[in-house]
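Worksheet for the structure shown next.
The values are calculated or read from the model by the stated rules, or taken from the named source; none is laboratory data. A quick note: this is a predicted structure, and the numbers were derived from the prediction, not measured. Please note: Cβ atoms are built from the backbone with ideal geometry, for glycine as well, and neighbour counts cover all protein chains shown.
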Amino acid sequence: MYPRSELDSRIRRLKRWMGRRDIDLSLVNSPSNMLYLAGTAEAQLLVVPLDDDPYLVARYAFGDEIAREKTPYHVEVQKPFYGTSGKEVINPSVYDLVAERHGGARRIAVDFLSSQEQVEKVRKRFKRGKKSAAIVSLDDQLRRMRIIKSEYELGLMKESASIAMRAFESLEIRIGMTEREIANMLEFKMKELGAEEPSFPTIVASGANSFNAHHINTERRVSEGEILLIDFGSKYMGYCSDMTRTFYIGSPPEGFLDKYEAVLNAQLRALDFIRDGVPMERPDIEARKVLKELDLLEYFVHSLGHGIGIDIHEFFRLLVGRGGRLQEGMTVTDEPGIYIRGWGGIRIEDTVVVGRNRGIPLTEKLSKDPDYLRR
């Protein structure tokens, strides 16, 4: 369970925003936002009244007991009744319960404006005469709250990174193993070391398959004299890590080493600019400058990185042309890569905390030597 003091501080911050915006009630439906604010994603709705304590609404036998174990807040349970005929069914909407308690709410903030159906359900239940409650978005505020990680959150992300690295270092990859076998083995190792699950489906791309930035694992077998790219991460207490390592199985040819060193230098160059106050586009631009000098820029076809935390991809990207500035305590990925059709790909990625003077990698312990697997 997350410490109550950590969750209470987040709720207080949300309520301060609600007070400034004259919002009576916030309704949180997104599992990620619910986990952030209440410590559990197993409920149907988190309800945050401006002038009262937050509580969750969960469905009987569908997460209510798990939610109670994970949150310090009250869990209201809805139990449907179906009977033996259609006339006996009693299964009220979660919004019916909320409306009974907070029917006088004039302004309601929700994080599900993208679902017009849910918005209309709320609007219908909070209608007084001909006038419905005003519905406003909660998304931007929650993004602002989640973007800077607390020391507690950073501790969870460090452990997530540690689990992923230890699992990888324990792997015994052999010639002839399939991409799927390696991925399954790595995911099992992460769970064995304490991960809830992988942050995302592990990517193992061998040979020409390494050209695919988001490869889908196959039964292709790893062979001597080819590239092996592995992109992986673990989820620990809801927080993600993300890293990629690229190797050459056997003695790497000169062309591979030159390209590998270029990608590594681009990553390290970017790391110097993942610091407080720097424009979000700057690390990406600096990485591209390094690759441009070696005529590899055309093969870097994605952003340098993305926000990471409870979600593997959080809302901002490190990409040329993007506005905004980095702030100390943000967490991002630093992952330049090149993808050459018919040859393969190289990507080197770390999860990084935006520091005061430089990015602080959480995943740098793992060797970046291109022939690391020859041991």
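Quick notes on this structure:
- Pairs are defined by a Cβ separation below 8 Å, a sequence spacing of at least 6 or placement on different chains, a first member in region 116-138 that is touching a residue at least 40 places away in the same chain (Cβ under 8 Å), and a second member that is in a loop (DSSP other than H, G, I, E, B) and polar (S, T, N, Q); the pairs so defined are 118/29.
- Of all the residues in region 316-337, those that are closer than 16 Å to residue 267 by Cα, out of contact with any helix residue (DSSP H, G or I) (no Cβ under 6 Å at 6 or more places or on another chain) and among the acidic types (Asp, Glu) number 1.
- Among the residues of region 127-178, the one identified as aromatic (Phe, Trp, Tyr) and closer than 30 Å to residue 222 by Cβ is 168.
- Entirely in region 292-335, the strands (runs of 3 or more DSSP E) that have 3 or more residues that are among the β-branched types (Val, Ile, Thr): 331-334
- Verdict on residue 293 being assigned by TED's automatic domain parsing to the domain that holds residue 207, free of Cβ contacts under 8 Å to residues at least 24 places away in the same chain and either aromatic (Phe, Trp, Tyr) or crowded, with 18+ Cβ neighbours inside 10 Å (or both): no
- In the condition set (1) at positive phi; (2) exposed (fewer than 14 other Cβ atoms within 10 Å of the Cβ), residue 63 is compliant with all but (2).
- For region 139-151, the candidate set comprises residues that are exposed (fewer than 15 other Cβ atoms within 10 Å of the Cβ) and not acidic (Asp, Glu); within that set, the residue that is farthest from residue 355 (Cα to Cα) is 144.
- Test: residue in region 4-15 that is within 23 Å of residue 135 (Cβ to Cβ), in a helix (DSSP H, G or I) and more than 23 Å from the chain's Cα centre (by Cα): yes
- For region 237-258, the set of residues classified as of a type in the set (Phe, Trp, Tyr) and either free of Cβ contacts under 8 Å to residues at least 12 places away in the same chain or assigned to a strand (DSSP E or B) (or both) consists of 239, 247, 248, listed by residue number.
- Test: residue in region 27-48 that is farther than 25 Å from residue 237 by Cβ, more than 18 Å from the chain's Cα centre (by Cα) and either part of a loop (DSSP other than H, G, I, E, B) or not aliphatic (A, V, I, L, M) (or both): no
- Residues in region 201-222 that are under 21 Å from residue 163 (Cα atoms) and buried (at least 17 other Cβ atoms within 10 Å of the Cβ): 202, 203, 204.
- The set of residues from region 209-233 being aliphatic (A, V, I, L, M) and not in a loop (DSSP other than H, G, I, E, B) comprises 227, 228, 229, 230.
- Within region 344-370, being closer than 16 Å to residue 205 by Cα and at pLDDT below 95 holds for one residue alone: 370.
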